[in-house]
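Notes to accompany the following structure.
The values are calculated or read from the model by the stated rules, or taken from the named source; none is laboratory data. What you see is a predicted model, and the numbers here were worked out from it, not measured in a lab. Here Cβ is always computed from backbone atoms with ideal geometry, including for glycine, and neighbour counts include all displayed protein chains.
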Amino acid sequence: MKSDGIHRFTVSKSMKNCRTFTDTNATAAEGPTDSMSLRIPAVSLLCQDCWERCQIGGDCAWCGGGQACCRKNSTLDPPECHGVVDWPTDRHHTCVTPMNDVPVKHEGQDCWEFCEGKGNCNWCGLGNACCRYGDEFTPPECRAVIYYSSKEHHVCVKPSFPRPMTLPGRPRVKEKECRPGLVMGPFGCLPASKPQLVTFYAYRLGDGSWTNANLGSIGAVMYSLHTKILGCPRYHGIDRIHRLKVTMKNTEEMFRQQHHEFGPLHHFRNGQCVSSFCNQTFQQFGYTVGCAETSTGGSYPSQSHSAWYSLPGPCPNLPNEQKTETCKRDLAGGECAEPTGSLNCTFHLEYAGNVSLDELSGRNTSTSLKDWCAAGHVEYDPSTDRGVGMDFWNGLTNGSRGKDMTTLSYLFWKKYPNFPKLLPEPCTRRTR
């Protein structure tokens, strides 16, 4: 029969077990057979798990034009997955051909991350938009929308106007484009008049207390790991990277004086604030979260700013072994359940998982690190800028190590999918 540019595959009725199949595009005879004939993209993705590539159920370019990533009997997949009859497998999400051409793709799902903000978005389907019900500063294409599939978050909608009206004079700026210290207004980004609630990830090497300590952005921590920790044995036996989700709202006293979301960075050692201005800033501004940008020599470029953070906890003026219950009660620090911006309620921490250094580098853990090192292997030798028996850390001085941060972010997302894949890195404060 005549080829239409799309492969047709003859698949056994036991396809739900993902058995092998053969391309019959050139040889299949017309007429009924004992097997199903599935119409799928030229590059066969039949039976493959599409979730990691598509990141969500529904229409997915990775599956091919007009195809969708769906799972049989899933109640969370969008309408384009409904009514599918021929399922290659029921074990996981897989690429399928939708039965109906729906007017809005990914209906009901949160579109903010995939569309990179609100407004026109082809991920929602050609001519559609990502909008939120009741948004005071909604763009023109989101005005007078008749139907919202959810009022809890941004969703894909069909605009009421075929050609949205635009406000003259100023281009529309997406909320994600406002730099730290600015907020979205009706005509773009405006200076904030008070401290804002900010959420970001902070990372720490090894175990220990999360407060009365310095945590870093992903670039800062990776650079510290590469230059100070790797070796045989590793420095202080550090074997993993921890991640914290930090929600912060610093005090108005600090904001009025500093004109910045963050306070100055305080350095901690053994749970004690050792900077010369610790007592002064805590008394004047409260237990504010501090930050300062840092240089990684271009080796670990972060998505915005590579930085270190300080999180003042109970009794920050004494080392861990000297802290008393009275001191912890009287000098409570800034951690609390819901940051309000009061003197002793400036941040909340949520543990967001860990990734071991072996997971990151791919070292075979069937052999202990001690035995692996005894065999002559080295993770990284700064004198040669290379490892022995491992090449993951090679080339610190020969360019960007951005791929290592990408690998680490992917591992966190894969292990802890309920947390946001990425959060902004908001520190733009220079070292004091």
Next item on the list: Under 8 Å between Cβ atoms, at least 6 apart or on separate chains: pull out the pairs that start in the range 378-390 with a residue that is closer than 16 Å to residue 225 by Cβ and end on any residue that is among the acidic types (Asp, Glu) and assigned to a strand (DSSP E or B).
Entry: 387/379; 387/381; 390/379
Next item on the list: Out of 64, 83, report the one residue that is crowded, with 17+ Cβ neighbours inside 10 Å and farther than 20 Å from residue 153 by Cβ.
Entry: 64
Margin query: Can you tell me which of (1) in contact with a strand residue (DSSP E or B) (Cβ under 6 Å, 6 or more places away or on another chain); (2) within 24 Å of residue 317 (Cα to Cα) is the one residue 274 doesn't meet?
Written below: (1)
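Conditions tested, residue by residue: (1) loosely packed, with under 14 Cβ neighbours inside 10 Å; (2) small (Gly, Ala, Ser); (3) assigned by TED's automatic domain parsing to the domain that holds residue 210.
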residue	(1), (2), (3)
287	no, no, yes
317	no, no, yes
330	yes, no, yes
357	no, no, yes
383	yes, yes, yes
Notebook entry, point to check: Does residue 114 count as among the aromatic types (Phe, Trp, Tyr), more than 25 Å from residue 420 (Cβ to Cβ) and surrounded by fewer than 22 Cβ atoms within 10 Å (Cβ to Cβ)?
Noted result: no
Next item on the list: State the number of residues belonging to the range 56-107 that are of a type in the set (A, V, I, L, M, F, W, C), outside any loop (DSSP other than H, G, I, E, B) and touching an Asp or Glu at 6+ places or on another chain (Cβ under 6 Å).
Entry: 2
Checklist line | Wholly enclosed helices (runs of 4 or more DSSP H) of the range 321-432 bearing at least 2 residues hydrophobic (A, V, I, L, M, F, W, C) | finding: 357-361, 369-374, 402-415
Next item on the list: Could you check the range 165-272 for strands (runs of 3 or more DSSP E) lying wholly inside it with 3 or more residues that are under 18 Å from residue 339 (Cα atoms) and modelled with pLDDT of 90 or more?
Entry: 198-205, 240-248
Check: Just checking, how many residues over the range 108-131 are assigned to a loop (DSSP other than H, G, I, E, B), in contact with a strand residue (DSSP E or B) (Cβ under 9 Å, 6 or more places away or on another chain) and within 18 Å of residue 65 (Cα to Cα)?
Finding: 4
